[in-house]
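Let me begin by presenting the structure, written as structure tokens, before commenting on it.
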Amino acid sequence: MPVNPIPRYLVSEAVTRALAEDQGGRGDVTALACIPAKAESKFYFVSRQDGMFCGMQPALEAVWQMDPEALVSPQVEDGRKVTKGDVLASVTGNARALLSAERIALNFMGRMSGIASFTRQYVDAVAGTGARIAHTRKTTPGFRAFELQAVQAGGGALHRYGLDDAILIKDNHVAVCGGVAQAVKAAKDSAGHMTRVAVEVDRLDQLGDAIAAGAESVLLDNFSLDDLRGAVAQAKGKVTLEASGGVNLDTVRGIAETGVDIISVGALTHSAPNFDIGLDEG
């Protein structure tokens with residue numbers, strides 16, 4: 001599936017910070033000591049395992065920030081399946097610069113491809129049910145744009161990006177407002193007609209209040225499978241139903257088969273393993 005690019009300024013800023021963190025105040029002292037200043041080399045980014053690829057934007061940005069004249073040749077696009085041994089991209093340029101960029105480029109690709117591959121496992125697990133797998137806001141601070149792009153690359157659905165994206169009334173909002181109906185009404189009175197209102201409920205008996213008050217989406221938090229089925233029957237398609245809590249690769253298929261529309265999974269971004277990618281000299 002096509003993957004939305006991250007705005008260039010976000011990529012540039014993130015890579016600049018990462019390179020500065022890695023190089024400290026003295027730069028790459030190993031490359032400076034061992035590699036002749038004008039040495040040129042060609043390297044290949046190579047997948048060390050099977051999975052879904054993501055992270056080409058920041059990887060190439062790291063290369064270009066270190067060597068603006070480097071020649072790059074991407075071989076795969078974000079959101080593509082790769083197998084062990086596949087060449088992801090080739091880069092030719094100043095050897096010192098490329099070796100200084102190596103770890104930052106690999107860190108971005110490894111993290112993002114890991115999330116994409118982990119997401120695809122969840123997407124495959126619910127295939128044929130009609131349920132979509134979505135991310136949450138449980139992301140690494142400052143790295144959200146990259147992690148959410150990786151979820152999309154793995155076939156996941158995009159949830160809200162941040163607090164300004166949509167109204168999502170959580171349990172603490174409900175408690176302060178005095179109930180589900182009161183919270184939804186207050187949100188509907190405040191929101192513009194283009195802003196969706198969603199509310200989280202943790203009991204089946206709250207669903208009717210949420211629907212009656214005009215919520216467009218209802219998040220069913222830590223519901224049992226029986227209660228999820230009951231919610232689907234009660235809602236009758238009037239609202240989008242999202243299941244969350246207790247979701248893992250062992251439970252997600254059963255949750256999907258209850259008929260919910262969305263399953264949000266925090267683990268996509270907070271627990272995805274790293275994807276093994278290496279840089280080989282040509």
Legend entry - Cα-based shape type of the stretch 60-111, given that a ≥ b ≥ c are square roots of the gyration tensor eigenvalues and the cut on a/c is 1.5: prolate
Inset, instruction - Mind giving me the nanometre distance, one decimal, between the label points for Glu257 and Leu32, set 7 Å out from Cα along Cα→Cβ? - result: 6.1
Legend entry - Förster radius 30 Å - calculated FRET efficiency between Ser190 and Gln234 (Cβ-Cβ, nearest 0.05): 0.65
Legend entry - Surface share of carbon and sulfur [accessible, 1.4 angstrom probe, percent] for the stretch 162-265: 49
Legend entry - Residue-span extension gain [Asp171 to Thr136] - 0.36 nm each, minus C-alpha spacing: 11.0 nm
Inset, instruction - At a Cα cut-off below 26 Å, give the lysines reachable from Lys84, other chains included and same-chain residues fewer than 8 away excluded. - result: Lys42
Legend entry - Student exercise, the chain dipole from Lys, Arg, Asp, Glu Cβ charges, in Debye to nearest 20: 180
Legend entry - Of every Cα-Cα pair in the chain, the percent that sits beyond 37 Å: 27
Legend entry - Inter-label distance, nm, simple model (7 Å from Cα along the C-beta direction), Gln182/Gln23: 5.7
Inset, instruction - Any chance you could list the semi-axes, whole Å, largest first, of the equivalent ellipsoid that the Cα gyration tensor gives for the stretch 75-138, using √(5λ)? - result: 32, 14, 8
Inset, instruction - Quickly work out the Thr16-to-Tyr44 label distance, labels modelled 7 Å from Cα along the C-beta direction, and quote it in nm with one decimal. - result: 3.5
Legend entry - Most to least accessible of Leu71, Leu98 (protein chains only, probe 1.4 Å): Leu71, Leu98
Inset, instruction - Translational diffusion coefficient, Stokes-Einstein: compute it for the stretch 1-86 using the Kirkwood radius over C-alpha pairs as Rh, at 37 °C and 0.692 mPa s, and state it as an integer in µm² s⁻¹. - result: 219
Inset, instruction - Return one whole number: the accessible area per residue of the chain in Å², for a 1.4 Å probe. - result: 49
Legend entry - 5 angstrom amide H check on Ile169, placed H, neighbours 5+ away: Ala198, Val199, Glu200
Inset, instruction - Within the stretch 220-249, list the trypsin sites (Lys or Arg not before Pro) lying in a DSSP loop whose Cβ has at most 14 other Cβ atoms in a 10 Å radius. - result: Lys236, Lys238
Inset, instruction - Arrange the peptides 144-156, 34-46, 179-191 so that the one whose residues have, on average, the most other Cβ atoms within 10 Å appears first. - result: 144-156, 179-191, 34-46
Legend entry - For the chain, calculated [θ]222 nm from helices alone, where every DSSP H run of n ≥ 4 adds -39500 (n - 2.57): -12500 deg cm²/dmol
Inset, instruction - Mind giving me the FRET efficiency for Lys84 and Asp280? R0 is 22 Å, r the Cβ-Cβ distance, nearest 0.05 is fine. - result: 0.95
Legend entry - Net length gained if the chain between Asn248 and Arg103 were fully extended (0.36 nm per residue, minus Cα distance): 49.1 nm
Inset, instruction - Leaving ligands, DNA and RNA out of it, work out the accessible area of Asp22 with a 1.4 Å probe and give it in Å² to the nearest 10. - result: 80
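The values are calculated or read from the model by the stated rules, or taken from the named source; none is laboratory data. Since the model is a prediction, treat every value here as computed from it, not as a measurement. Cβ atoms come from the backbone with ideal geometry, glycine included; neighbour counts cover every protein chain shown. Each accessible area value is taken on the protein alone, full model and side chains, heavy atoms only, with ligands, DNA and RNA left out. Shrake-Rupley method; radii C 1.70, N 1.55, O 1.52, S 1.80 Å.
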